[in-house]
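Asks: Supplied in structure tokens, the structure appears directly below.
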Amino acid sequence: MTDSRTTIVERSNELFYRLGFVGVSVEAVLDASGTSRGTFYKHFRGKHDVALAVLEYRADLFETEIGRAVDGAPDAAGIAEGLFEALRAWHARYGARGCLFQTAASEYGRQHPDVFRLARDHKVRVRGLLETALARAGARDTRGAAEQLLLLLEGAVALGQFDDQQRQIDAARRAALALISGVRA
């Protein structure tokens, strides 16, 4: 059985992704999660705390998916293929409305350094997963290659909300394979 805190976080994840952070009230969170105000405040001081919990939750989900997708890939091309296949699966499961971390950083700005830090740290960890996988696969310039892959991933996510998401992912994958051919061991 899922506890009430987890339910609030999971339902808020869906709300924030669909409506943004500014567009969601505590009332909307209560309605979506089916929890009472007392239960909500037992777990969170307010919407900001829920936003932080959602970002941590989503970071864990996404990083786990990316880690699985690239771990054990035999070469840099396999890492690129796994990365963009994971993004395709992620979009199929969660939708393509842009990046929740970019949304958080944009809506909260630097006035909330805790939100900005969570968003930045997530991007750093994703880059680290790529860098580690590339090193295991024997790629040269793993930092540079990881940065390029992350940039293509972010571009596919950002543009996928405006246009055919699968086409954006395919374009990013093709660009990654073209770039990665220069970093193979």
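Asks: On the basis of being surrounded by 14 or more Cβ atoms within 10 Å (Cβ to Cβ), over 21 Å from Glu131 (Cβ atoms) and charged (D, E, K, R), does Glu107 make the cut?
Replies: yes
Asks: Within segment 119-133, does at least one residue satisfy the condition of being aliphatic (A, V, I, L, M), open to solvent by 30 Å² or more (accessible area, probe 1.4 Å) and modelled with pLDDT of 95 or more?
Replies: Within segment 119-133 (the criterion being aliphatic (A, V, I, L, M), open to solvent by 30 Å² or more (accessible area, probe 1.4 Å) and modelled with pLDDT of 95 or more), the answer is yes, since at least one residue qualifies.
Asks: Residues in segment 43-64: is at least one open to solvent by 70 Å² or more (accessible area, probe 1.4 Å), part of a helix (DSSP H, G or I), modelled with pLDDT of 95 or more and farther than 30 Å from Gly82 by Cβ?
Replies: no
Asks: Which fully enclosed helices (runs of 4 or more DSSP H) of segment 85-172 have 1 or more residues being among the basic types (Lys, Arg) and free of Cβ contacts under 8 Å to residues at least 40 places away in the same chain?
Replies: 113-136, 142-160
Asks: Please find, within segment 10-42, the residue that is surrounded by the fewest Cβ atoms within 10 Å (Cβ to Cβ) out of those that are in a loop (DSSP other than H, G, I, E, B) and either of a type in the set (A, V, I, L, M) or touching a residue at least 40 places away in the same chain (Cβ under 8 Å) (or both).
Replies: Val22
Asks: Here's a check for you: in segment 65-76, which residue that is over 10 Å from the mean Cα position of the chain (by Cα) and either assigned to a helix (DSSP H, G or I) or of a type in the set (Phe, Trp, Tyr) (or both) is modelled with the lowest pLDDT?
Replies: Ala76
Asks: Another question, if that's okay. On the basis of being at pLDDT 95 or above and not hydrophobic (A, V, I, L, M, F, W, C), does Gly98 make the cut?
Replies: Judged against the criteria, Gly98 is not a match.
The values are calculated or read from the model by the stated rules, or taken from the named source; none is laboratory data. If you're wondering where the values come from, they're calculated on a predicted model, not measured in any experiment. With ideal geometry, Cβ positions are generated from the backbone for all residues, glycine too; neighbour counts draw on all protein chains shown. Areas reflect the complete protein model, heavy atoms only, side chains present, ligands, DNA and RNA absent. Shrake-Rupley method; radii C 1.70, N 1.55, O 1.52, S 1.80 Å.
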